[in-house]
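The values are calculated or read from the model by the stated rules, or taken from the named source; none is laboratory data. Everything numeric here is computed off the predicted structure, so don't read it as measured data. Quick reminder, even Gly has a Cβ in these numbers, built from the backbone with ideal geometry, and neighbours come from all protein chains shown. With ligands, DNA and RNA removed, areas are computed over all heavy atoms of the protein, side chains included. Shrake-Rupley method; radii C 1.70, N 1.55, O 1.52, S 1.80 Å.
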Amino acid sequence: MRTLLGQRRLFQVIHRTLPLHQIHSAFSFICTQTPDKFPEKTFETEKQEEQRPKCLSYMIESLQRGNLVGSAVQNWMGEGLPVQRGDIYHAINRLRKLRFNKRALELMEWVIRERPYRPTELDYSYMLEFTIKLHGVSQGERLFSHVPAEFQNELLYNNLVIGCLDKGMITRPYAYMRKMRELGSSISHLVFNRLIILHSSPRRKKMIPKILTQMKADKVTAHVSTFNILMKIEANEHNIEGLVKVFNDMKQAKVEPDEVSFCILATAHAIARLHTVAEAHVENVEKSLTGNNWSTYDVLMILYGYLQKDKDLERTWAIVQGLLHVRAKSYILAIEAFGRIGQLSRAEELWLEMKSTKGLKSTEQFNCIISVYSKVGLIKKASGVFRELLENGCKPNAMTYQHLALGCLKAGLVEETLKTLEMGRELATSDRVKRSTPWLETTLSIIELFSEKGDVDNVEKLFEELVKAKYTKYTFVYNTLIKAYVKAKIYDPNFLRRMILGGARPDAETYSLIKLAEQFQTSS
């Protein structure tokens, strides 16, 4: 109730306070939505449906709720088509990608039961994988014990270990890995990848060197995906030096980087405002592109937004539009990228296009255009989208209010900014969101505006959020804090010590700002 009242007050205040001459007819970079727990369901136009090849997987995907996979297979065979291994494996890979785990398990149960061909170790490993995902490790172990002895070998053991790790278990996987060593079975690099991911939190990170040492002892060949995971961990902690070290280790190990490697490097350097280095890595992304990988094109749109490359952004968006299926998330990223380079009318065009072709089903879709309007202070337009969000049955999240707070402050509405920030704080927000780039960059933008006003109190309150996320490792973030003190004519002798202990390196701007602040030390 308090939040609803706050929403109404926000509208009233914005409409009452904002002068008409500030309302213009104009319309991020990293996506304002957190990673999807489940991907969007595949949506195709009739034309695209006609273009689809005859495929068992599509027949299974299009099954109505309550219908069994067996009915799709029967329809397939009813059309005179044999059920071959290739059809099954293609279907499994598609269903896994779509997170249709129940359908995948049903399909493998049908294969083992009906035996359209002689099952292999791979078939049983698929069945084990989806059994663990749906029914847990104990059920998976029970299934493992009933698999014919000839198939209880390397692949099945690796899948059992990975299944345990995916459920967050540690003790059982290590026990199975010891058993594999006794049997002389090779342990997959995917097992070590999962172990590293499981120990990627700051509290557990100290175990990663030991995992890598064990990987070497088990003679597991270094793989690009392992290095990519290690680079992503460093990037998430805003540790550019650590990221570059892992990349150099990869080159020393003679492992060839792929497009994912260069995407991680380019994005991390762009976020750190090291645009020259980011551009070099973007060129490598373009050179290493393999096929029509929509996720890579999404990252390229983000990067071209950062680098203010409007032609490259338009070119990449044209490629995305040429793909069989354009996801709503790609629209969101394109809208934010065009807004970031100042092409507000283009961002509005894509917003309307997304609205008509995809429909507005999520808060993140509304957030993307709210963020674009808010960054240029068009709070009237941003509040209009906010109203539409509510009328559409969506719920504003903390990110929504963070964007609106920035819009209010850009429009000079300080009191409304503080009230909007408070409404966002009332909502439960995960640490994952608070460590995301959209959240951190929006928070920094608010801090910069408070800093220009010399509002040290509000700067310090918000700065604490950046400290927790380790975003303050970037020098420009600490410089923003010092600017607030200079504007307020306050000198703090602990500036440098605080900055260095926070992991940031002072630069020429830092020393220049401190010199300006020193003139106020006698009056502080």
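If the limit is 22 Å between Cα atoms, which of 97/434; 245/473; 102/355; 410/515 go over it?
Values: 97/434 27 Å; 245/473 17 Å; 102/355 31 Å; 410/515 29 Å.
From the list (97/434; 245/473; 102/355; 410/515), the Cα-Cα distance tops 22 Å for 97/434; 102/355; 410/515.
Any idea which of 264, 246, 235 is furthest toward the positive side of the dipole for the range 222-288, if Lys and Arg beta-carbons carry +1 and Asp and Glu beta-carbons -1?
Positive-most Cα among the choices belongs to 246.
Taking a probe of 1.4 Å, how large is the accessible area per residue of the chain, in Å²? The partial results should precede the final answer.
Numbers: 26010 Å² over 524 residues.
With all protein chains present, the chain gives 50 Å² per residue.
Structure shown: which of 167/470; 232/329; 216/254 lie over 19 Å apart, alpha-carbon to alpha-carbon? Before the final figure, lay out each step's value.
Working: 167/470 28 Å; 232/329 21 Å; 216/254 15 Å.
The answer is 167/470; 232/329.
For the chain, what is the mean residue ellipticity at 222 nm derived from helices alone (per DSSP H run of n ≥ 4: -39500 (n - 2.57); sum divided by total residues; nearest 500 deg cm²/dmol)? Intermediate values should be presented prior to the final figure.
Values: 30 runs with 356 residues, N = 524.
Calculated at 222 nm, the ellipticity per residue is -21000 deg cm²/dmol.
Taking only the alpha carbons of the range 305-406, what extent do you get along each of the three principal axes, in Å, biggest first?
Sorted from largest, the Cα extents of the range 305-406 read 33, 27, 20 Å.
Could you run the Karplus curve 6.51 cos²θ - 1.76 cosθ + 1.60 with θ = phi - 60° over the range 66-72 and give me ³J(HN,Hα) per residue in whole Hz, x for Gly and Pro?
3J(HN,Hα) across the range 66-72, in whole Hz: x, 7, 7, 4, x, 5, 5.
When the scattering of the chain is computed by the Debye formula from its Cα atoms alone, each counted once and equally, what is log10 I(q)/I(0) at q = 0.09, 0.11 Å⁻¹?
-0.80, -1.13
With a 1.4 Å probe and all protein chains in place, put 225, 356 in order of accessible area, largest first.
Numbers: 225 30, 356 95 Å².
Descending order: 356, 225.
In the chain, carbon and sulfur make up what percent of the accessible area (probe 1.4 Å)? Don't skip to the end; give the middle numbers.
On the way: 13490 of 26010 Å².
Summing carbon and sulfur atoms, their accessible area is 52 percent of the total for the chain.
Distances longer than 16 Å among the Cα atoms of the range 57-96: what percent of all pairs is that? Spell out each step's value before the answer.
Values: 238 of 780 pairs.
Value for the range 57-96 (Cα pairs over 16 Å): 31 percent.
What list of ³J(HN,Hα) couplings, whole Hz, do you get for the range 434-444 from phi and the Karplus terms 6.51, -1.76, 1.60, once you set θ to phi - 60° and write x for glycine and proline?
Going residue by residue, I get 5, 9, 6, 4, x, 5, 5, 5, 5, 4, 5 Hz, with x marking Gly and Pro.
Could you sort 510, 429 by their accessible area in this structure, using a 1.4 Å probe and putting the largest first? Please report the intermediate quantities before stating the final value.
Working: 510 0, 429 40 Å².
Of 510, 429, the descending order of accessible area is 429, 510.
Given the C-alpha atoms of the range 164-321, compute the convex hull and give its volume per residue in Å³.
On the way: hull volume 20.4 nm³, N = 158.
Cα-based convex hull of the range 164-321, divided per residue, equals 129 Å³.
Using 0.36 nm times the number of residues separating residue 117 and residue 183, minus their current alpha carbon distance, what extension gain do you get?
On the way: separation 66, 0.36 × 66 = 23.76 nm, distance 2.90 nm.
So the extension gain works out to 20.9 nm.
Could you compute how much accessible surface residue 473 exposes when probed at 1.4 Å, giving the result in Å² to the nearest 10?
Per-residue accessible area (residue 473): approximately 60 Å².
Which whole-percent values make up P(r) of the range 358-468 when all C-alpha to C-alpha distances are grouped in 10 Å steps starting at zero?
15, 50, 30, 5, 0
For the range 403-524, what is the Kirkwood estimate of the hydrodynamic radius, computed as the reciprocal of the mean inverse distance between distinct Cα atoms, to one decimal in Å?
Numbers: mean 1/r = 0.0669 Å⁻¹.
Its Kirkwood hydrodynamic radius stands at 14.9 Å.
Kindly write out, for the range 490-495 in residue order, the coupling ³J(HN,Hα) from the Karplus curve 6.51 cos²θ - 1.76 cosθ + 1.60 (θ = phi - 60°), rounded to whole Hz, with x marking Gly and Pro.
Taking θ as phi minus 60°, the curve returns 10, 10, 10, x, 9, 3 Hz for the range 490-495.
Using only the heavy atoms of the protein chains and a 1.4 Å probe, how would 349, 106 rank by accessible area, largest first?
Details: 349 105, 106 40 Å².
Heavy-atom accessible area, descending, gives 349, 106.
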